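Trainee: Just passing along the structure, written as structure tokens.
The values are calculated or read from the model by the stated rules, or taken from the named source; none is laboratory data. On a predicted model such as this, the values are computed, not experimentally measured, just so you know. No Cβ is skipped: glycine too gets one built from the backbone with ideal geometry, and neighbour counts run over all protein chains shown.
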């Protein structure tokens with residue numbers, strides 16, 4: 001038996017951050033989160049189920065991956081195979097269209113694309129929200145990459161209801177600019193950073209409370225298409241996430257000197273009347289929520305200010321898509 | 001009637017930070033704090049009570065001060081005059097020996113010196129802890145400058161018992177290095193910064209709890225002369241104070257790009273075996289707690305790394321002192 005599918009998924013940037021797991025095995029989050037799917041960064045993945053294969057194979061960006069990397073994929077594929085009652089080995093061929101220079105995590109788009117292709121080849125035919133509960137176990141933020149526009153990942157009460165739902169297609173003049181500050185591997189991985197924060201930060205309980213409040217507020221603002229409120233809540237929530245790390249023992253931070261310069265520049269541009277708001281994930285790079293119609297002008301200002309840093313525009317991305325079967 | 005006194009007081013750096021007032025009028029703090037008095041930075045102040053004066057005069061660094069500045073001093077002097085039952089005008093002549101380049105607040109040493117001189121000229125003869133309840137109403141952190149070494153400012157329950165007490169003379173190979181990052185006036189004053197934090201930060205209640213815990217822990221570490229613990233608690237408490245600002249609405253920060261470079265350098269030096277720990281107040285400058293016997297070597301490393309930034313060593317300072325009467 002052979003069976004083939006190819007899928008494409010975009011990455012996403014959280015506006016209300018996912019920061020901390022309540023179950024490390026099941027990737028259940030401590031709080032619900034909300035993101036914007038980005039068009040400019042994506043992954044395309046082919047899955048071939050083939051009984052003639054001896055074991056799973058994983059090729060990423062034309063590079064045959066190590067046993068360790070392949071084992072992670074095998075564990076993920078097994079979730080689908082178990083549900084479908086099959087054991088057929090798979091050849092997974094994946095290409096990341098995330099410019100290395102952007103310094104953006106590709107695990108969200110990677111597991112979303114792989115999950116979509118597996119959903120097809122195993123004939124499980126799950127709807128996207130159900131599929132998101134599988135995808136989640138590859139990478140938490142991948143849940144949100146199944147949909148386009150603004151997407152919520154509800155923390156849920158158990159594995160079955162910790163899932164993604166679409167919130168709004170974000171088709172109202174919205175874009176995002178990424179300023180890549182440092183694209184080298186982080187000294188503290190997201191996984192370790194959130195674990196240290198959950199376990200030791202004095203600010204963590206307050207973070208959880210305020211993330212819940214921010215989520216309600218941003219959904220209202222999105223519904224009203226109140227861009228300023230969406231931006232202010234995004235900026236505030238992101239800074240709170242970074243604040244939790246200063247409350248950890250030992251304290252840590254992902255910020256670099258250039259990060260602060262970019263934040264200052266964004267505040268300055270806002271002072272000049274531009275609608276732009278920053279957010280940051282577990283790394284030094286800065287993502288700037290803006291009006292898509294302003295993005296070319298803003299890109300120029302930022303590129304002039306930081307000639308050595310890649311400054312990349314993205315429009316809003318769509319949900320995961322089956323390219324071939 | 002004339003009466004004259006001259007006093008000298010050193011500045012101090014909080015290791016457990018004072019961050020927030022529960023009473024703006026009385027300068028009652030939200031939490032108890034603990035500091036190290038520094039020898040290198042101080043204020044000398046002369047007070048002449050003279051019935052022939054028409055009103056109070058205030059000369060700072062050979063510069064006759066404005067009516068607004070003089071009014072602040074008058075309000076402070078009135079606390080003493082009222083208690084002593086007099087109304088005699090005063091001429092206050094003050095000299096700050098805080099290198100401008102150090103970017104350190106001088107209000108702590110200024111009000112401590114002025115309070116000590118007033119205590120003398122008004123013949124109130126208060127002990128230092130009682131005097132600290134007066135000094136506090138000029139500047140909260142001035143309470144701690146009345147004593148040398150490690151000093152606690154107990155938050156107290158009311159104006160009378162919110163006072164300073166000596167903890168330890170710190171005569172066990174302790175020093176502090178200041179790296180001045182930016183000595184221009186801050187965009188957000190300490191007063192405004194702490195007010196915004198108290199009123200809006202999601203992290204503020206957790207800050208208060210953990211400042212109380214940190215205070216107990218650092219006093220134990222000081223008693224045991226456990227320098228590493230003193231340093232780690234200092235570093236953690238300072239970062240938490242800065243974390244509270246990222247939880248404020250809107251979020252704000254005193255950090256500058258160079259600040260982060262200095263923090264990284266201190267961590268690097270510690271990784272190489274040097275005992276050094278950073279702390280920061282409401283500004284971008286970095287203060288580094290170290291062994292005084294290491295301070296010359298550390299100063300050289302820091303000055304080599306940051307040739308454009310003043311790097312200033314201080315040994316532990318003594319308490320306020322009457323120079324003449």
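Trainee: How many residues are over 18 Å from residue B:111 (Cα atoms) and in contact with a strand residue (DSSP E or B) (Cβ under 8 Å, 6 or more places away or on another chain) when one looks only at segment B:53-89?
Mentor: Number satisfying all stated conditions: 3.
Trainee: List, please: which pairs have Cβ atoms under 8 Å, are six or more places apart or on different chains, and start with a residue in segment B:256-273 that is under 16 Å from residue A:252 (Cβ atoms) and more than 12 Å from chain A (Cβ to nearest Cβ) and end with one that is at pLDDT 95 or above and not in a helix (DSSP H, G or I)?
Mentor: Once the first residue is under 16 Å from residue A:252 (Cβ atoms) and more than 12 Å from chain A (Cβ to nearest Cβ) and sits in segment B:256-273, its partners that are at pLDDT 95 or above and not in a helix (DSSP H, G or I) give B:266/B:276; B:266/B:277; B:266/B:278; B:266/B:286; B:266/B:288.
Trainee: Hey, another quick one. Mind checking which residues of segment B:219-229 are within 14 Å of chain A (Cβ to nearest Cβ) and in contact (Cβ under 8 Å) with a residue 40 or more places away in the chain?
Mentor: So the first thing to find is which residues in segment B:219-229 are within 14 Å of chain A (Cβ to nearest Cβ), and the list is B:228-229.
Passing the criteria: only B:228.
Trainee: Kindly provide the set of residues from segment A:231-259 that are over 30 Å from residue A:174 (Cα atoms) and not in a loop (DSSP other than H, G, I, E, B), ordered by number. Quick ask: steps written out before the conclusion?
Mentor: Of all residues in segment A:231-259, those over 30 Å from residue A:174 (Cα atoms) come to A:246-252.
Hit for segment A:231-259 is A:246, nothing else.
Trainee: Same structure, new question: Quick one: in segment B:104-117, of everything that is part of a helix (DSSP H, G or I) and in contact with a strand residue (DSSP E or B) (Cβ under 6 Å, 6 or more places away or on another chain), which residue is surrounded by the most Cβ atoms within 10 Å (Cβ to Cβ)? Quick ask: steps written out before the conclusion?
Mentor: If we filter segment B:104-117 for residues that are part of a helix (DSSP H, G or I), which is where we start, we get B:107-117.
Still in the running and in contact with a strand residue (DSSP E or B) (Cβ under 6 Å, 6 or more places away or on another chain): B:108-110, B:112-114, B:116-117.
Working: B:108: 31, B:109: 32, B:110: 27, B:112: 36, B:113: 34, B:114: 30, B:116: 27, B:117: 32.
Filtering first and then ranking leaves B:112.
Trainee: Further question: Could you identify the single residue in A:278, A:252 that is within 23 Å of residue A:38 (Cα to Cα) and within 14 Å of chain B (Cβ to nearest Cβ)?
Mentor: Numbers: A:252 fails: within 23 Å of residue A:38 (Cα to Cα).
Checking each option against the conditions leaves just A:278.
Each row is one residue, and each column tells you yes or no for (1) away from chain B (no Cβ under 12 Å); (2) over 30 Å from residue A:270 (Cα atoms).
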position	(1), (2)
A:180	yes, no
A:186	yes, no
A:198	yes, yes
A:203	no, no
A:231	no, no
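Trainee: Also, quick follow-up: Can you pull out the residues in segment B:43-62 that are at pLDDT 95 or above and in a strand (DSSP E or B)?
Mentor: Within segment B:43-62, B:43, B:44, B:45, B:46, B:47, B:48, B:49, B:50, B:57, B:58, B:59 qualify.
Trainee: Let me ask you something else. Does residue B:95 count as in contact with a strand residue (DSSP E or B) (Cβ under 9 Å, 6 or more places away or on another chain), more than 30 Å from residue B:249 (Cβ to Cβ) and assigned to a helix (DSSP H, G or I)? Steps first, answer last, please.
Mentor: Values: in contact with a strand residue (DSSP E or B) (Cβ under 9 Å, 6 or more places away or on another chain): yes; more than 30 Å from residue B:249 (Cβ to Cβ): yes; assigned to a helix (DSSP H, G or I): no.
Criteria not met by residue B:95.
Trainee: Would you mind stating whether residue A:244 is under 30 Å from residue B:236 (Cβ atoms), at the interface with chain B (Cβ under 10 Å from one of its Cβ atoms) and out of contact with any helix residue (DSSP H, G or I) (no Cβ under 6 Å at 6 or more places or on another chain)? Walk me through it before giving the result.
Mentor: Details: under 30 Å from residue B:236 (Cβ atoms): yes; at the interface with chain B (Cβ under 10 Å from one of its Cβ atoms): yes; out of contact with any helix residue (DSSP H, G or I) (no Cβ under 6 Å at 6 or more places or on another chain): no.
Judged against the criteria, residue A:244 is not a match.
Trainee: Is one or more of the residues making up segment A:298-305 surrounded by fewer than 18 Cβ atoms within 10 Å (Cβ to Cβ) and part of a loop (DSSP other than H, G, I, E, B)?
Mentor: no
Trainee: Would you mention how many residues in segment B:63-91 are part of a strand (DSSP E or B) and either closer than 30 Å to residue B:169 by Cα or without any contact (Cβ under 8 Å) to a residue 12 or more places away in the chain (or both)?
Mentor: First, the residues of segment B:63-91 that are part of a strand (DSSP E or B): B:63-64, B:90-91.
Retained after the next criterion (residues that are either closer than 30 Å to residue B:169 by Cα or without any contact (Cβ under 8 Å) to a residue 12 or more places away in the chain (or both)): B:63-64.
So the count comes out to 2.
Trainee: I would also like to ask the following. Of the residues A:78, A:52, A:96, A:62, which single one is surrounded by fewer than 23 Cβ atoms within 10 Å (Cβ to Cβ), under 30 Å from residue A:311 (Cβ atoms) and over 16 Å from the mean Cα position of the chain (by Cα)? Steps first, please.
Mentor: Numbers: A:78 fails: under 30 Å from residue A:311 (Cβ atoms); A:52 fails: under 30 Å from residue A:311 (Cβ atoms); A:96 fails: over 16 Å from the mean Cα position of the chain (by Cα).
The conditions single out A:62.
Trainee: Evaluate segment B:290-297: report whether one residue or more is in a strand (DSSP E or B), farther than 30 Å from residue B:119 by Cβ and either modelled with pLDDT of 95 or more or within 11 Å of chain A (Cβ to nearest Cβ) (or both).
Mentor: Narrowing segment B:290-297 to residues in a strand (DSSP E or B): B:290.
If we keep only those that are farther than 30 Å from residue B:119 by Cβ too, we end up with B:290.
Next, only the ones that are either modelled with pLDDT of 95 or more or within 11 Å of chain A (Cβ to nearest Cβ) (or both) stay: B:290.
Within segment B:290-297 (the criterion being in a strand (DSSP E or B), farther than 30 Å from residue B:119 by Cβ and either modelled with pLDDT of 95 or more or within 11 Å of chain A (Cβ to nearest Cβ) (or both)), the answer is yes, since at least one residue qualifies.
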